[in-house]
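Asker: Below you'll find the structure I mean.
The values are calculated or read from the model by the stated rules, or taken from the named source; none is laboratory data. Note that the coordinates shown come from a computational prediction; the quantities given were computed from them, not determined experimentally. FYI the Cβ positions are ideal-geometry reconstructions off the backbone, even for glycines, and counts take in every protein chain you see. Note: accessible area is taken over every heavy atom of the protein model, side chains too, but ligands, DNA and RNA are not part of it. Shrake-Rupley method; radii C 1.70, N 1.55, O 1.52, S 1.80 Å.
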Amino acid sequence: MLQRCILRTYHVLALVLCLSAREDFDWTKNEKTSFYYSTFPTGFSWGAGSSAYQTEGAWNIDGKGMSIWDAFTRKKGKIFQNDTGDTSCDGYNKFKDDITLMKDMKLNHYRFSISWPRILPSGLKSEHINEKGIKYYEDLINMLLDNKITPIVILYHWDLPQLLQEKYGGWQNVTMVNYFNDFANLCFQRFGHKVKYWITFNNPWSIAVEGYETGEHAPGMKLKGTGAYKAAHHIIKAHAKVWHTYDMQWRSKQKGMVGISLTADWGEPVDITNQRAIEAAERYIQFYLGWFATPIFNGDYPQVMKDYIGRKSGQQGLGASRLPVFSPQEKSYIKGTCDFLGLGHFTTRYITPKNYPSGLGDSYFADRDLAELVDPKWPDPGSEWLYSVPWGFRRMLNFVKTQYGNPMVYVTENGVSEKMVCTDLCDDWRMQYFKDYINEMLKAVKDGVNVKGYTAWSLLDNFEWDEGFSERFGLYYVDFSNKNKPRYPKASVQFYKRIISSNGFPNQREVESWKRKAVETCVSSNQLLAADPLIGHMEMVSEIVIPTVSTLCILLSAVFLMFLLRGRI
Ligand code: NOJ
């Protein structure tokens with residue numbers, strides 16, 4: 001929130017800046033004519049994503065333990081309208097229906113996460129394995145495979161077992177490394193003969209910064225200037241350990257791959273002729289993506305992070321840098337622990353240098369010495385932070401290629417939201433977003449970036465963390481007010497289907513007809529959705545009103561009968 005408030009101030013700044021320095025921007029980057037008609041390499045994998053806490057619901061069903069998100073959402077005022085993921089999309093009970101939706105879209109893969117406390121309620125493998133939780137994921141994986149949909153499985157999408165938070169302080173404590181490794185090892189043992197794509201962590205930046213620095217996310221800790229760095233340090237070690245476990249114990253038998261999924265925005269220098277702006281933009285990306293990617297691919301934190309945090313820690317009179325240090329053994333243990341990189345990407349910022357004097361207090365944000373700006377012309381249909389800037393995606397992908405030795409990349413998250421008030425299923429802006437972002441990814445493939453797959457975020461509208469259900473990223477609209485959580489296709493479902501079946505954008509004539517055709521189909525879905533409150537009302541009548549009235553009638557009759565009988569006696 002705080003970060004968003006700061007950003008809001010910069011919106012205004014950006015406006016002023018844009019008006020006064022228009023020539024600084026290269027507007028041709030957004031020109032429609034730069035659309036590239038071609039297809040992706042054969043075998044390119046198309047998918048959609050979800051995560052356990054955001055989608056499953058069933059928070060206390062079948063022996064599941066509590067996660068930090070179950071605890072955090074119970075604290076008043078942390079989440080928009082105090083929403084919780086208690087029932088969410090009810091994915092736990094409706095996964096078969098969801099696989100039917102995926103099949104209809106002809107998805108090649110589905111990326112989802114395993115809830116650690118669903119299979120290890122206390123977090124510890126040595127204490128209790130919840131077989132019902134294991135069975136749920138077995139059924140999900142089996143049904144995906146029966147339908148020729150490859151599971152891409154994330155081991156940690158933010159839902160740490162609450163007991164590990166309470167007993168040890170969660171990711172502030174290095175003991176998480178072993179506990180997480182035990183959990184991962186159990187998953188390899190139970191599911192690894194069927195799952196070939198494993199991702200250790202999803203978006204560790206968010207876990208560290210929003211969980212332990214700003215406290216906007218669970219576990220809500222505000223340890224400014226140290227908490228995020230410490231959490232990240234342990235997460236990187238945990239990732240490396242799990243990769244080695246797989247490598248030593250399972251790889252030869254199971255023949256799968258283990259990667260990590262890093263989510264980051266692109267940072268573009270606000271003035272590409274200004275060296276200080278160029279360096280600030282570089283810092284932005286190194287503090288974001290590089291923080292995790294550089295140790296994993298190159299063996300240590302980015303030099304610029306070590307320099308800036310070290311210098312500022314010194315100015316603050318600290319004896320050591322607030323950025324923890326890897327020992328030489330740790331560096332070589334961590335380096336190269338990534339069979340493929342999962343990349344999440346949503347938006348871009350313009351970056352300008354800004355000095356944060358050390359007296360103002362330390363924080364991850366101040367350590368970077370920069371300010372983020374946005375162009376007021378960028379479309380922003382939903383979440384406040386999410387501006388559609390497709391060209392940033394191509395730059396990000398090329399950055400990954402050059403910085404980390406052109407690793408195999410799976411895009412694990414990319415998409416756009418709309419606000420709660422919007423119940424229009426004809427989501428024109430989302431089709432445009434997907435079209436432009438996927439096209440930039442196609443250009444990146446042409447540039448030689450080794451992208452193997454793309455995951456639209458998300459399959460369904462779901463619980464959007466501190467924003468509750470107010471922001472909808474789904475290809476499918478979910479009616480959360482109805483206890484059956486019905487799903488309705490937005491127009492983007494049809495649009496994405498066409499991209500998938502053509503494996504890209506074959507030619508102008510065809511592609512230009514896609515939107516029109518998609519909108520034709522969404523009109524009928526809109527009507528269905530409009531009828532939904534009526535259906536909900538009818539359900540309420542049959543499930544609540546009728547039984548209540550009947551019970552009352554029976555009671556009244558009984559009382560009446562008693563009076564009658566008494567009268568006789
Ligand atoms: C990335 C997160 O991993 C995901 O959980 C979230 O829904 C999207 N960002 C959109 O905010």
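Asker: When you check LEU425 against the structure, is it at pLDDT below 95 and more than 16 Å from the ligand (Cβ to nearest atom), yes or no?
Answerer: Spelling it out, LEU425 is indeed at pLDDT below 95 and more than 16 Å from the ligand (Cβ to nearest atom).
Asker: Here is a follow-up. Among residues belonging to segment 470-495 that are in contact with a strand residue (DSSP E or B) (Cβ under 6 Å, 6 or more places away or on another chain) and among the hydroxyl-bearing types (Ser, Thr, Tyr), point out the one that is farthest from the ligand (Cβ to nearest atom).
Answerer: My answer is TYR488.
Asker: In this structure, does THR33 turn out to be at pLDDT below 95, over 26 Å from ARG498 (Cβ atoms) and of a type in the set (Val, Ile, Thr)?
Answerer: no
Asker: Kindly indicate the residue of segment 211-245 that is under 17 Å from SER113 (Cβ atoms) and not β-branched (Val, Ile, Thr) and also nearest to the ligand (Cβ to nearest atom) among those meeting that condition.
Answerer: Result: HIS217.
Asker: Which of the residues belonging to segment 99-139 are open to solvent by 10 Å² or more (accessible area, probe 1.4 Å) and part of a helix (DSSP H, G or I)?
Answerer: THR100, LEU101, LYS103, ASP104, GLU131, LYS132, LYS135, TYR136, GLU138, ASP139 - these are the residues of segment 99-139 that are open to solvent by 10 Å² or more (accessible area, probe 1.4 Å) and part of a helix (DSSP H, G or I).
Asker: Only one of (1) within 14 Å of the ligand (Cβ to nearest atom); (2) touching a residue at least 60 places away in the same chain (Cβ under 8 Å); (3) not polar (S, T, N, Q) is not met by GLY192, so which one is it?
Answerer: (1)
Asker: Could you count how many residues in segment 85-105 are touching a residue at least 40 places away in the same chain (Cβ under 8 Å) and of a type in the set (S, T, N, Q)?
Answerer: So the answer is 2.
Asker: Still on this model: Return only the number of the condition from (1) touching a Gly at 6+ places or on another chain (Cβ under 7 Å); (2) free of Cβ contacts under 8 Å to residues at least 12 places away in the same chain that GLN527 does not satisfy.
Answerer: GLN527 satisfies every listed condition except (1).
Asker: Every residue in segment 339-364 that is open to solvent by 20 Å² or more (accessible area, probe 1.4 Å) and closer than 30 Å to TRP243 by Cα, please.
Answerer: Across segment 339-364, the qualifying residue is only ASP339.
Asker: Moving on to the next point. Report every pair of residues separated by at least 6 positions or lying on different chains whose Cβ atoms are under 7 Å apart, first residue within segment 402-417 and over 15 Å from CYS338 (Cα atoms), second more than 12 Å from the ligand (Cβ to nearest atom) and basic (Lys, Arg).
Answerer: Pairs found: VAL416/ARG430.
Asker: Can you find even one residue in segment 448-458 that is buried (at least 24 other Cβ atoms within 10 Å of the Cβ), more than 15 Å from the ligand (Cβ to nearest atom), over 18 Å from the mean Cα position of the chain (by Cα) and of a type in the set (D, E, K, R)?
Answerer: Checking segment 448-458: not a single residue is buried (at least 24 other Cβ atoms within 10 Å of the Cβ), more than 15 Å from the ligand (Cβ to nearest atom), over 18 Å from the mean Cα position of the chain (by Cα) and of a type in the set (D, E, K, R).
Asker: Go through segment 146-198 and give me each residue that's over 22 Å from ILE129 (Cβ atoms), within 23 Å of the chain's Cα centre (by Cα) and not in a loop (DSSP other than H, G, I, E, B).
Answerer: Selection gives THR150, ILE152, TRP171, GLN172, TYR197.
Asker: Can you pull out every residue in segment 32-62 that is assigned to a loop (DSSP other than H, G, I, E, B) and either buried (at least 21 other Cβ atoms within 10 Å of the Cβ) or among the hydroxyl-bearing types (Ser, Thr, Tyr) (or both)?
Answerer: Once the filter is applied, which keeps residues that are assigned to a loop (DSSP other than H, G, I, E, B) and either buried (at least 21 other Cβ atoms within 10 Å of the Cβ) or among the hydroxyl-bearing types (Ser, Thr, Tyr) (or both), segment 32-62 yields TYR36, TYR37, PHE40, THR42, SER50, SER51, GLU56, GLY57, TRP59.
Asker: Looking only at segment 298-314, decide whether some residue is over 14 Å from ASP369 (Cβ atoms) and of a type in the set (Lys, Arg).
Answerer: yes
Asker: Among helices (runs of 4 or more DSSP H) lying entirely in segment 203-255, which contain 1 or more residues that are buried (at least 24 other Cβ atoms within 10 Å of the Cβ)?
Answerer: Filter on segment 203-255 gives 204-212, 227-245.
Asker: With respect to VAL374, determine if the residue is among the aliphatic types (A, V, I, L, M), more than 16 Å from the ligand (Cβ to nearest atom) and open to solvent by 10 Å² or more (accessible area, probe 1.4 Å).
Answerer: Taking the combined requirement at face value, the residue does not satisfy it.
Asker: Another question about this same structure. Just to confirm my filter: which strands (runs of 3 or more DSSP E) fall fully inside segment 345-419 and include at least 1 residues that are at pLDDT 95 or above and over 21 Å from the mean Cα position of the chain (by Cα)?
Answerer: Of the strands (runs of 3 or more DSSP E) lying wholly inside segment 345-419, those with at least 1 residues that are at pLDDT 95 or above and over 21 Å from the mean Cα position of the chain (by Cα) span 348-353, 370-373.
Asker: For segment 123-172, which positions are among the polar types (S, T, N, Q) and out of contact with any Phe, Trp or Tyr (no Cβ under 8 Å at 6 or more places or on another chain)?
Answerer: SER126, ASN130, ASN142, ASN147, GLN162, GLN165
Asker: Here are the criteria: (1) small (Gly, Ala, Ser); (2) closer than 30 Å to CYS89 by Cα; (3) at pLDDT below 75; (4) open to solvent by 30 Å² or more (accessible area, probe 1.4 Å). Tell me which single one ALA558 does not satisfy.
Answerer: (2)
Asker: Here's something else I'd like to know. May I ask you to list the residues in segment 389-429 that are of a type in the set (A, V, I, L, M) and either surrounded by fewer than 18 Cβ atoms within 10 Å (Cβ to Cβ) or more than 23 Å from ILE296 (Cβ to Cβ) (or both)?
Answerer: Those that are of a type in the set (A, V, I, L, M) and either surrounded by fewer than 18 Cβ atoms within 10 Å (Cβ to Cβ) or more than 23 Å from ILE296 (Cβ to Cβ) (or both): VAL389, MET408, VAL416, MET420, VAL421, LEU425.
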